[in-house]
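Note sheet for the following structure.
The values are calculated or read from the model by the stated rules, or taken from the named source; none is laboratory data. On a predicted model such as this, the values are computed, not experimentally measured, just so you know. Ideal geometry is used to build each Cβ from the backbone, glycine not excepted, and the neighbour counts take in all protein chains shown. We work out accessible area using only protein heavy atoms, side chains counted, and drop any ligands, DNA or RNA first. Shrake-Rupley method; radii C 1.70, N 1.55, O 1.52, S 1.80 Å.
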Amino acid sequence: MKSRIKSKLLPALVTAALGAFAAPSQAAQFTGVFIFGDSLSDAGYFRPALIGLGVPANVASTLGRFTTNPGPVWSEIVSQRYGVTPRASNDNSGNIFAQGGARVAVASTSTPPGAAQRPVSTQITEFLARSGGADPGALYGVWAGANDIFQTLPAISGGTVDPTVFIPQLAGANIQQIGRLRAAGARYILVFNLPDLGITPQFTALGPATAGAATALAANFNTALFAGLQSNGIGVIPVDTFSLLNDVRANAAAFGFTNITGVACGPFPPFAPTGGNSQFCNATNLVAQGAATSYLFADGVHPTTGAHRVVGDYVISLIEGPQQYSLLAEAPLRSRESHVRTLDAGLLTGARGDVGKWTAFAAVDGGKFDIDASGINPQLKSDQKSISVGGTLRVSEAMTVGVAVGKSENEASFGGNLGRFDTEETVLSAFGSMKWGGFYANAALSVSDVDFENVQRNIQLGQVLRTARGSTNGSNSSGHVALGYDFAMGKVTFGPQLSVTSQNVTVNDVTEEGAGSANLKILKQTRNSTVTSFGLRASMDLGNLTPFVRVTYDQEQKGAPRDIGATPLSVATGNTYTIPGYVGDERWSTATVGLRGTLGQRLGFSVVYSAVQGKSGVKQDGLAANIAVQF
């Protein structure tokens with residue numbers, strides 16, 4: 001019998017061990033950043049032309065953006081965040097194709113004479129010709145439509161263009177260009193709506209009627225754009241600059257803006273002799289010291305450096321918020337591992353009891369699970385603790401069964417003052433073990449409800465720190481099976497072990513509040529995990545004391561990237577987008593050392609420490625203690 005067991009079990013264990021040496025996964029990250037649009041995203045496309053106009057090269061190098069130069073625009077801020085050196089597309093094949101004055105799909109009257117006409121449609125054509133397609137792992141951005149409205153407004157005011165026809169057509173043209181990116185393979189596309197044009201200095205100076213018309217055109221375009229994307233099934237990351245700008249204006253002092261109606265850029269003779277031209281604006285011709293960050297507008301329609309910082313931070317929050325929330329589903333996985341360790345401790349002591357007798361046990365477990373930030377993976381610092389009480393019945397010499405109820409708690413932070421969350425879990429488990437000679441099998445089934453409490457996401461928007469708060473609940477169902485064979489050599493017992501732990505975690509919707517225009521609804525997420533572990537364990541019987549050790553190689557079988565869904569609460573059309581969640585390593589190792597023993601005839605105990613090695617940027621360990629009383 002023993003030989004047949006060894007002939008079937010050991011090859012299976014060896015095969016599992018070889019599988020554990022598969023290549024590890026890499027941390028999720030964007031493979032590039034590519035931006036299309038107009039002056040709101042332009043990183044200096046016209047800078048070479050400034051030199052041609054006679055601007056000295058050393059001065060031209062500080063100009064060219066449509067803001068308070070040399071401060072970055074949002075597209076540069078976001079590019080740098082995700083590891084891309086931002087450059088205009090005509091600067092050594094840069095990543096930012098946006099061009100000041102560009103319209104969506106037709107020629108612009110504001111393009112300087114002799115300069116290339118590059119509407120967004122042409123920009124995307126250039127990009128696709130260069131790249132041969134759109135990498136699905138890259139981040140894309142499209143912000144356009146303002147120049148179409150600016151240049152059509154006189155005809156609308158004169159009655160020769162019907163806005164109820166023009167606006168849907170403009171939104172449709174934008175959707176068509178976004179659809180080209182999607183069809184070429186783009187998956188993560190930032191789509192900006194228009195800010196409230198009517199509150200810009202250019203339009204407020206024209207009076208309430210014109211300003212109101214500009215506001216209405218922008219609002220109608222925004223609705224048509226996002227609703228059209230929804231109806232066409234084009235998923236994008238919606239960037240609601242309309243709500244963001246109004247949020248900033250309503251809380252200007254908190255954002256550090258002391259002037260939200262004037263322009264920060266003064267004269268720059270001879271090119272901008274009367275001032276108010278952001279392309280010819282730098283630190284030498286600001287209207288006031290610090291105006292680059294204390295004024296909202298650089299000129300009649302373009303944001304200052306301070307305002308662009310807010311936009312850039314807002315975009316980053318849309319991307320990194322869902323990534324942070326993906327960690328909520330990781331915490332129950334670690335808590336369940338902690339609970340299973342307490343069950344193992346209960347089985348170890350219960351299996352030493354008398355046949356037909358119950359053994360009651362109580363066990364505690366504590367541990368850490370910390371993740372360093374890498375790529376676009378978020379950071380996590382967490383402390384876990386579990387307590388379990390239960391009983392085991394030694395049914396026969398070969399079989400022990402048990403039931404337990406446990407409570408697990410986790411206190412976690414996202415690191416760097418980015419937020420936190422707590423989990424509280426109540427778990428019910430049934431478990432047991434069998435032994436036939438040297439062969440053994442352990443199994444446990446567990447179900448639990450999980451409460452996610454005190455969820456906080458800190459969002460930096462320029463100089464303002466907003467805190468979004470929420471709470472939710474979820475569940476975790478799991479199964480654990482361990483098979484092995486122990487060889488005896490005197491007082492030493494050793495042998496191979498194969499185990500499989502499967503978990504299914506659900507985290508329900510979270511609706512944030514407290515962060516104004518940055519609030520998100522995070523959609524229901526699931527996290528499935530199946531970990532196979534192969535290793536060796538050994539113990540030594542010293543009478544009342546038995547030290548033991550176990551080393552395993554572990555592999556996650558369901559480690560494929562998963563997306564986290566979100567919806568900005570300010571977007572009335574309910575556009576939902578997805579962002580890659582946390583991705584951990586697929587392979588690691590675990591070392592466990594422990595001591596179990598008896599104190600008298602009826603009292604048993606165990607102490608177990610385990611630590612994980614080989615997970616990139618992860619520190620994970622746990623300590624469990626158990627005491628048992630036989631009745």
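Can you give me the number of residues within region 492-531 that are within 30 Å of Ala252 (Cβ to Cβ) and either open to solvent by 20 Å² or more (accessible area, probe 1.4 Å) or not in a strand (DSSP E or B) (or both)? It would help to see each step written out before you state the result.
So the first thing to find is which residues in region 492-531 are within 30 Å of Ala252 (Cβ to Cβ), and the list is 510-522.
This time we only want the ones that are either open to solvent by 20 Å² or more (accessible area, probe 1.4 Å) or not in a strand (DSSP E or B) (or both), so: 511-519, 521.
Count: 10.
For region 99-122, indicate whether the set of residues that are in a loop (DSSP other than H, G, I, E, B), basic (Lys, Arg), surrounded by 14 or more Cβ atoms within 10 Å (Cβ to Cβ) and modelled with pLDDT of 95 or more is non-empty. Looking through region 99-122, at least one residue is in a loop (DSSP other than H, G, I, E, B), basic (Lys, Arg), surrounded by 14 or more Cβ atoms within 10 Å (Cβ to Cβ) and modelled with pLDDT of 95 or more. I'd like the full set of residues that are among the small types (Gly, Ala, Ser), within 17 Å of Ser231 (Cα to Cα) and open to solvent by less than 30 Å² (accessible area, probe 1.4 Å), limited to region 128-187. Within region 128-187, Ala171, Ala173, Gly179 qualify.
The rows are residues; the columns are (1) touching a residue at least 60 places away in the same chain (Cβ under 8 Å); (2) farther than 21 Å from Ile316 by Cβ.
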{"site": "Ile189", "(1), (2)": "no, no"}
{"site": "Leu197", "(1), (2)": "yes, yes"}
{"site": "Ala205", "(1), (2)": "yes, yes"}
{"site": "Ala211", "(1), (2)": "no, yes"}
{"site": "Ala214", "(1), (2)": "yes, yes"}
{"site": "Ile234", "(1), (2)": "no, yes"}
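From the list Ala351, Ala363, the lone residue that is in contact (Cβ under 8 Å) with a residue 40 or more places away in the chain and under 25 Å from Ser477 (Cβ atoms) is Ala363. Which count do you get for residues in region 393-418 that are in contact with a strand residue (DSSP E or B) (Cβ under 7 Å, 6 or more places away or on another chain), at positive phi and open to solvent by 50 Å² or more (accessible area, probe 1.4 Å)? Final tally of qualifying residues: 1.
Close contacts from region 242-253, counting a first residue that is modelled with pLDDT of 95 or more and a second that is open to solvent by less than 20 Å² (accessible area, probe 1.4 Å) and among the polar types (S, T, N, Q), with Cβ to Cβ under 8 Å and a gap of 6+ residues or different chains, come to Phe242/Asn193; Phe242/Asn222; Ser243/Ser517; Leu244/Ser517; Asn246/Ser517; Asp247/Ser517. One residue stands out among those in region 563-577 that are at pLDDT 95 or above and assigned to a strand (DSSP E or B): the one that is farthest from Arg182 (Cα to Cα), which is Pro568. Please report, ordered by residue number, the helices (runs of 4 or more DSSP H) entirely within region 37-88 with at least 2 residues that are of a type outside the set (A, V, I, L, M), over 15 Å from Phe271 (Cβ atoms) and touching a His at 6+ places or on another chain (Cβ under 9 Å). Qualifying helices (runs of 4 or more DSSP H): 74-81.
Annotation note: Cβ proximity below 9 Å between a residue of region 124-142 that is without any contact (Cβ under 8 Å) to a residue 12 or more places away in the chain and a residue that is assigned to a helix (DSSP H, G or I) (sequence gap 6+ or interchain) occurs for Thr125/Arg180. Here is a check on your reading of the model: is Val301 touching a residue at least 40 places away in the same chain (Cβ under 8 Å), surrounded by fewer than 24 Cβ atoms within 10 Å (Cβ to Cβ) and not in a helix (DSSP H, G or I)? In short, yes.
Determine whether Gly235 is in contact with a Pro (Cβ under 6 Å, 6 or more places away or on another chain) and assigned to a loop (DSSP other than H, G, I, E, B). Working first, answer last.
Numbers: in contact with a Pro (Cβ under 6 Å, 6 or more places away or on another chain): no; assigned to a loop (DSSP other than H, G, I, E, B): yes.
So Gly235 does not fit the description; no.
Exactly one residue out of Gly350, Gly356, Gly390, Gly366 is under 20 Å from Ala611 (Cβ atoms) and either more than 27 Å from the chain's Cα centre (by Cα) or open to solvent by 20 Å² or more (accessible area, probe 1.4 Å) (or both): that is Gly366.
Being modelled with pLDDT under 95, open to solvent by 30 Å² or more (accessible area, probe 1.4 Å), under 30 Å from Gly604 (Cα atoms) and of a type outside the set (Ser, Thr, Tyr) narrows it down to one of Leu536, Leu545, so name that one. Before the answer, list the steps.
Details: Leu536 fails: modelled with pLDDT under 95.
Matching residue, one of Leu536, Leu545: Leu545.
Out of all the residues in region 482-491, which are closer than 27 Å to Glu337 by Cβ and outside any strand (DSSP E or B)? Steps first, please.
Here is the first cut: in region 482-491, the residues closer than 27 Å to Glu337 by Cβ are 482-486.
Hit for region 482-491 is Asp486, nothing else.
Among the residues of region 348-365, what is the count of those that are under 19 Å from Ser386 (Cβ atoms) and in a strand (DSSP E or B)?
Qualifying residue count, region 348-365: 6.
Considering (1) over 19 Å from the mean Cα position of the chain (by Cα); (2) at pLDDT below 90, say which one Ala560 fails and leave the rest. Failing condition for Ala560: (1).
Residue count for region 40-76, restricted to those that are open to solvent by less than 10 Å² (accessible area, probe 1.4 Å) and of a type in the set (A, V, I, L, M, F, W, C): 7. On the stretch given as region 373-387, residues that are surrounded by fewer than 17 Cβ atoms within 10 Å (Cβ to Cβ) and hydroxyl-bearing (Ser, Thr, Tyr) total 1. For region 85-98, which positions are in contact with a Gly (Cβ under 8 Å, 6 or more places away or on another chain) and modelled with pLDDT under 95? If the condition is that a residue be in contact with a Gly (Cβ under 8 Å, 6 or more places away or on another chain) and modelled with pLDDT under 95, then Asp91 is the only one that fits.
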